[in-house]
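Have a look at the structure below, then the notes.
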Amino acid sequence: MKRPRRRDPLPGFGLSLGITLLWLGGLVLVPLLALLLRPLELGPLGFWHSVTEPRVLASLRLSFLGALAASAVNLPLGLLVAWVLVRYRFPGRRLLDGMVDLPFALPTAVAGLALTALYAPNGWLGAPLAALGVKVAYTPLGVALAMGFVGLPFVVRTVEPVLRDLPLEAEEAAATLGATRWQAWWRVVLPALAPALLAGFAMASARAIGEYGSVIFIAGNTPMWSEIAPLLIVVRLEQFDYAGAAAVGLAMLALSFLMLLGLSLMNRLWRRA
Amino acid sequence: MTLSSLSRRAVLGSALGGGVALAARAQGAGQLLNVSYDPTREFYREFNSLFAEQWKAKTGQGIRANASHGGSGRQARAVIDGLQADVVTLALAYDIDAIAERGLINADWQQRLPHNSSPYTSTIVFLVRKGNPKKLADWPDLLKPGVSIVTPNPKTSGGARWNYLAAWAWAVKKSSGGEQAARSFLTEMFRKVPVLDTGARGATTSFVQRGQGDVLLAWENEAHLAFAEFGADQFDIVYPGFSILAEPPVAVVDRNVDRRGTRAVAEAYLQALYTPEGQALAAKHFYRPRDEAALAAAGSRFPRIEMTTIDDPIFGGWKKAQATHFDDGGEFDRIYQPGR
């Protein structure tokens, strides 16, 4: 039987796909292709040496572990923020809601300067922390802090709509069936939110790994200790080493891809379970 | 360079977010673009209007000279990637050499103008907290216990390379022990650096506004600027007994001026830097003029200290110094190698 033609608000599939491909191609595909081609100049062995230098490895470790740590902290806190925004009504809620998006909107350099001024050993928060023996600015901790700042909205904004759509009845049903609050939370609410949480975690991490503008001011940039991988790309460009810079970029891309792939597999397993 | 490799480079640049979005900017006649580095902002703003007047008086033509500023290496890269600069006025000869290597500037550029094509010079000095509480008078004092030092990363900052080389030269020439002593001096020195900013301005901010460090190693003109900007009640400038003569060079970008037909005005622009007016203006902005009369007129503004240059045999020019000290695997990288 012939299906009735569905009326789309947009003109035909062919045209939409064409524009999509052109747009994606110009913005994503072609630049990525250049990133793949440039390190070829080094040869496979040269590429390997270029990305396994101790300093490169140290910076990749900081960028990835920093991003994962920041996102791991953002996960429960971002969930809490989303929960408060969705489930409660209180004066100033709108304002709070708007504030969540600030890290999106603020130029990253401004955010970096503000965080550095705040957490530097002579800053408002940095001074009391320094008195306690905790150094934030110019240490890996500062790197993770800035990464947490740029990542927070990703967690909140992916969890929020799912949480809003989660019927209150589900929890009430759990309660009538004799579940404790903890059980309702652990067995009903959390599983429903898990895919969104995972997606938020992945996006926040991906954003934090590549973050340059806000991290660079607070990082301290000491090689082998507080130097992030994107800075190393800039360092190599500064030496007119285009191929070496692209090699680090490619390594970051490959690692990010593996990480996102792993998270998406986890998500699938979760859904099946 | 072929067109395709140029566009590929441009594409790569944007892919890396390197800010090479400054694609070839179309410019009409009567405009001149000077691609310069960071701390020359104030100087060239004034020099550009001076030159426009001079050119108008001489030829009757109007000219608008524009200047673009940024980290020296990044600016050189923008020119390599297609920014239509008529002249470049950068922090180090190495950056202009990099442009020349890609065929945009003739290889003999440094011989075309007097004094190694550097119309003004600077040196490396110490900016310390008011009253110099840690009593830092010369290079060895930097290693006193409890002293913390701010200098940008020599990998990303032209100014930081001069800082590093000044320290190296002092250790080789003034302490007994030669290169080995210099190596351990610099290793010790960088252990005392709490934050390696990417550029000279960033380091100044860390020192002045974030309260980092007891001493900032800085360009002489940058130190004077911070001094003038943030008040003499907060800082003192200390001239070490020995430093390096930093020679920021200038060159006409041959490929671009020939295509745009701006060679005459571009060459006149650079020559104007050597005129008494240009030299006086450089001195006003704390660059050391080459012209003896202008230097004498500046009086005590530029204390005479013993200085070496990049062409000293211990360095052997920028190309060699860059390869020995700052390229990947060079002396600077070894400072941060684990287990050293």
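The values are calculated or read from the model by the stated rules, or taken from the named source; none is laboratory data. Everything numeric here is computed off the predicted structure, so don't read it as measured data. Cβ atoms come from the backbone with ideal geometry, glycine included; neighbour counts cover every protein chain shown. Note: accessible area is taken over every heavy atom of the protein model, side chains too, but ligands, DNA and RNA are not part of it. Shrake-Rupley method; radii C 1.70, N 1.55, O 1.52, S 1.80 Å.
What does the average come to when, for each residue of peptide B:155-161, you count the partner chain Cβ atoms lying within 10 Å of its Cβ? Mind showing how you got there, number by number?
Details: counts 10, 8, 1, 1, 0, 0, 0.
Neighbouring Cβ atoms belonging to other protein chains average 3 per residue here.
How many square angstrom of accessible surface are buried between A and B, both sides summed, with a 1.4 Å probe and rounding to 100?
Values: alone 16860 and 14390 Å², together 28170 Å².
Chains A and B together bury roughly 3100 Å² of accessible area.
What whole-number value in cubic angstrom gives the convex hull volume per residue for the C-alpha atoms of the protein assembly as shown? Please list the in-between numbers first.
On the way: hull volume 141.9 nm³, N = 613.
Once divided by residue count, the hull of the protein assembly as shown is 231 Å³.
Which entries of B:LYS130/B:LYS284; A:LYS135/B:LYS173; B:LYS58/B:LYS320; A:LYS135/B:LYS320; B:LYS56/B:LYS155; B:LYS58/B:LYS155 show an alpha-carbon separation above 32 angstrom in the structure shown? Could the numbers behind the result be given before it?
Details: B:LYS130/B:LYS284 24 Å; A:LYS135/B:LYS173 38 Å; B:LYS58/B:LYS320 42 Å; A:LYS135/B:LYS320 39 Å; B:LYS56/B:LYS155 42 Å; B:LYS58/B:LYS155 43 Å.
With Cα atoms farther than 32 Å apart: A:LYS135/B:LYS173; B:LYS58/B:LYS320; A:LYS135/B:LYS320; B:LYS56/B:LYS155; B:LYS58/B:LYS155.
Rounded to whole Å, give me the distance from the Cα center of the stretch A:197-230 to that of the stretch B:48-86.
If you average the Cα positions of each part, the centres end up 37 Å apart.
Could you work out what % of the accessible surface of the stretch B:77-176 is carbon and sulfur, using a 1.4 angstrom probe and leaving DNA, RNA and ligands out of the count?
Carbon plus sulfur share of accessible area: 53 percent.
Work out which chymotrypsin sites (Phe, Trp or Tyr not before Pro) in chain A are exposed loop sites (DSSP not H, G, I, E or B, at most 11 other Cβ within 10 Å) and give the longest gap free of them.
On the way: sites that count: A:TYR88, A:TRP124.
The segment A:125-273 is the longest one with no such site.
Cα-based Rg (one decimal) and Dmax (whole number) for chain A, in Å?
22.5, 77
Run the accessible area of chain A with a 1.4 Å probe and give the carbon-and-sulfur part as a rounded percent. If you can, show how the numbers build up before the last one.
Working: 11060 of 15320 Å².
That share works out to 72 percent.
Please give the net charge around A:ALA199, taking every other residue with its beta carbon less than 14 angstrom from that of A:ALA199, where Lys and Arg add +1 and Asp and Glu add -1.
Working: positive: A:ARG157, A:ARG207, A:ARG268, A:ARG271; negative: A:GLU160.
Result for the local shell: +3.
Rg and Dmax of the stretch B:196-286, using alpha carbons, in Å: what are they?
Every Cα atom of the stretch B:196-286 included, Rg and Dmax give 17.8, 52 Å.
For A:229-241, what's the mean count of beta carbons from other chains sitting within 10 Å of each residue's beta carbon?
Numbers: counts 0, 2, 5, 1, 3, 11, 8, 4, 10, 16, 10, 11, 2.
Averaged over the peptide's residues, the number is 6.
May I ask you to list, by number, the DSSP H helices of chain A whose Cα span along the axis is at least 15 Å and whose average Kyte-Doolittle hydropathy reaches 1.6 or more?
On the way: long enough: A:13-24 (16 Å, 1.93); A:54-87 (48 Å, 1.42); A:108-119 (16 Å, 1.64); A:140-165 (38 Å, 1.11); A:190-210 (30 Å, 1.40); A:242-272 (45 Å, 1.15).
TM-like helix candidates: A:13-24, A:108-119.
Regarding chain B, what are the three Cα extents along the principal axes, ordered largest first, in Å?
Projected onto its principal axes, the Cα set of chain B covers 60, 47, 38 Å.
Starting from the Cα-Cα distance between B:ASP108 and B:ALA280, subtract it from 0.36 nm times their residue separation and give me the gain in nm to one decimal. Don't jump to the answer; show the numbers that get you there.
Values: separation 172, 0.36 × 172 = 61.92 nm, distance 2.77 nm.
Additional length available on full extension: 59.1 nm.
In the stretch A:54-79, what residues drop by 10 Å² or more in accessible surface going from the chain by itself to the full protein assembly, probe 1.4 Å?
A:PRO54, A:ARG55
Once you charge only the Cβ atoms, +1 for Lys and Arg and -1 for Asp and Glu, what is the size of the charge dipole of the protein assembly as shown about its Cα centre, to the nearest 20 debye?
Details: 61 positive and 49 negative charges, 414 e Å.
The calculation lands at about 2000 debye.
Along its three principal axes, how long is the stretch A:72-127 when you only count alpha carbons? Whole Å, largest extent first please.
The principal-axis extents, from largest down, are 39, 23, 21 Å.
Find out how many positive minus negative residues lie around A:VAL159, taking Lys and Arg as positive, Asp and Glu as negative, among other residues whose Cβ is under 14 Å from that of A:VAL159. Show your work: numbers first, answer last.
Values: positive: A:ARG87, A:ARG157, A:ARG164; negative: A:ASP97, A:GLU160, A:ASP165.
Here the count lands on 0.
Take peptide A:36-45, look around each residue's Cβ out to 10 angstrom, count Cβ atoms belonging to other protein chains, and average those counts.
Taking the mean over all residues of the peptide, I get 1.
Counting helices only, and only those DSSP H runs with n ≥ 4, report the 222 nm mean residue ellipticity of chain B as the sum of -39,500 (n - 2.57) divided by its residues, in deg cm²/dmol to the nearest 500. Mind dumping the intermediate values first?
Details: 15 runs with 147 residues, N = 340.
Calculated at 222 nm, the ellipticity per residue is -12500 deg cm²/dmol.
Please tell me the relative contact order of chain A in percent, rounded to the nearest whole number, where contacts are Cα pairs under 8 Å and at least six residues apart.
Values: 301 pairs, mean separation 80.0, N = 273.
Computed over chain A, the figure is 29 percent.
Just want to confirm a number: the relative contact order over chain B, from Cα pairs under 8 angstrom separated by 6+ residues, in percent.
On the way: 576 pairs, mean separation 72.6, N = 340.
This gives 21 percent for chain B.
Probe of 1.4 angstrom, ligands and nucleic acids ignored: what's the accessible area per residue over the protein assembly as shown, in square angstrom?
Details: 28170 Å² over 613 residues.
Per-residue accessible area for the protein assembly as shown comes out at 46 Å².
Could you tell me which of the pairs B:LYS144/B:LYS192; B:LYS144/B:LYS174; B:LYS134/B:LYS174 are separated by over 19 angstrom between their Cα atoms in the structure shown?
Numbers: B:LYS144/B:LYS192 10 Å; B:LYS144/B:LYS174 17 Å; B:LYS134/B:LYS174 22 Å.
Table pairs above 19 Å Cα-Cα are B:LYS134/B:LYS174.
Using DSSP to call loops (not H, G, I, E or B), can you name the trypsin sites (Lys or Arg not before Pro) in the stretch A:24-128 whose Cβ has at most 11 other Cβ atoms within 10 angstrom? Don't skip to the answer; put the middle values down first.
Working: sites: A:ARG55, A:ARG61, A:ARG87, A:ARG89, A:ARG93, A:ARG94; in loops: A:ARG89.
Sparse-neighbourhood loop trypsin sites (Lys or Arg not before Pro): A:ARG89.
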